[in-house]
Amino acid sequence: MECSCTGNQNPSCSTIDTALLEPYLVQYEGSGSKGNLIAILQKAQSIYGYLPAEILVHIGQRMGIKPAKIMGVLTFYTRFRTKPIGKHLILLCQGTACHVNGSSLIEEAIKDTLGIEEGDISENGLFTYTNVACIGCCSLAPVMMIGDKTYGRLTKEITIKILKDIELEERRNIDEDNGWEG
């Protein structure tokens, strides 16, 4: 978990503003910070959108936590991300009920419509998708979540429509922000 950006050794690296996390780290100083690693990582991810290596190094140094411990937590919990994501995170259920009811067809529709593989960001920056073990809506299988919204009983056609509708809404929002009506 080394970051070549630390200390600006590589001028092509973008330096992350670690000061944004500092008030939160101070809150845990001297209070058994090792037991608060998950909370610290959650806060860091909410600030930066993901957990860049530079932030992980900073957390480890400030809180006296070994890199192996941090990486163990990151790899155990699927909610932590070590690379940026699109504006809309798609969670595609691959649990047994969803698998049996065609989640592979839904995954194909997502890949084809957005032109991405799992974990990638769509060209327009709007979407990232990831497979998850279970969303907990087995009676609606196959299921995906986009943000806080759950979509069930999916087909390829419904999935494509959902994605296109979100793209259209985003385009409308951009046009409105630019003073265009359409």
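No value in this document is a laboratory result; all are computed from the given coordinates. Owing to the predicted nature of the structure, the values given are computational and were not obtained by experimental measurement. Every residue, glycine among them, receives a Cβ derived from its backbone with ideal geometry; neighbour counts consider all protein chains shown.
Worth a mention:
- Contacts under 7 angstrom Cβ, first residue in the range 37-63 being among the small types (Gly, Ala, Ser), partner part of a helix (DSSP H, G or I), 6 or more apart: Ala44/Ile55; Ala44/Ile59; Gly60/Pro67; Gly60/Ile70
- Checking each residue in the range 48-82 for being part of a helix (DSSP H, G or I) and under 28 Å from Cys134 (Cβ atoms) picks out Tyr48, Leu56, Lys69, Ile70, Met71, Gly72, Val73, Leu74, Thr75, Phe76.
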